[in-house]
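**Student:** I am attaching a structure below and will ask some questions about it afterwards.
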Amino acid sequence: MKDRSYFLNTALALVLALAMAAVVLFRTFAPAVILPELNIPNMVLLSLIALLAEYYVAPGTKGCYVCITLLGVLSFGLLPAAAGYVPFAECWKTAVIGGITFALTTWVFRSMADRLSTGPNAKAAPIITAFGLYLATQAFTGILL
């Protein structure tokens, strides 16, 4: 079996690349559209999409959380800056917040999904976990701000 320890970071980079390609297309062909900002709930949403892809494509993959954090910092720092979504002067803030958010989301999602999935019949457990985690993130962000 192939080593899939970096599949999660590849999935995050792919999800971010698709999102930033959509940003570039909207800014080019529909400049009047108001795009959402890259805040913590949106970073968690992008992370959860990558985590769901990992859970269904490469189940049981474990990885080093330091590597997950560092590659998350690189992904959230470089891709939005390259797409012009975040100014280069501000990309370090997005990188650090995105990397920490991605690592924490990964840790919480994996621990919740492992406890909720009770066998091969629990196919919807990761989706329900991701939905609940996204709603909790929105509520927590609303409390902080």
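**Student:** Based on what the data block shows, is SER75 touching a residue at least 40 places away in the same chain (Cβ under 8 Å), out of contact with any Phe, Trp or Tyr (no Cβ under 7 Å at 6 or more places or on another chain), closer than 24 Å to VAL23 by Cβ and not hydrophobic (A, V, I, L, M, F, W, C)?
**Tutor:** Yes.
**Student:** Does the stretch 50-66 hold any residues that are modelled with pLDDT of 90 or more and surrounded by fewer than 19 Cβ atoms within 10 Å (Cβ to Cβ), and which are they?
**Tutor:** Within the stretch 50-66, LEU52, ALA53, VAL66 qualify.
**Student:** Same structure again: Considering only the stretch 83-108, state which residues are closer than 19 Å to ASN39 by Cβ, in contact (Cβ under 8 Å) with a residue 40 or more places away in the chain and hydrophobic (A, V, I, L, M, F, W, C).
**Tutor:** Matches in the stretch 83-108: ALA83, VAL86, ILE97, PHE102.
**Student:** Condition first: at pLDDT 90 or above and either crowded, with 17+ Cβ neighbours inside 10 Å or among the β-branched types (Val, Ile, Thr) (or both). Now tell me which residues in the stretch 105-126 satisfy that.
**Tutor:** THR105, THR106, VAL108, PHE109
**Student:** Kindly list, by first and then second residue, each pair from a residue in the stretch 16-40 that is among the β-branched types (Val, Ile, Thr) to a residue that is part of a helix (DSSP H, G or I), limited to pairs with Cβ atoms under 8 Å and residues at least 6 apart or on different chains.
**Tutor:** Qualifying pairs under 8 Å: VAL33/PHE26; ILE40/ILE97; ILE40/THR101; ILE40/THR137; ILE40/THR141.
The values are calculated or read from the model by the stated rules, or taken from the named source; none is laboratory data. This structure is a prediction, so every number in the text was calculated from the model and none was measured. Heads up, the Cβs are rebuilt from the backbone with ideal geometry, glycines too, and the neighbour counts pull from every protein chain shown.
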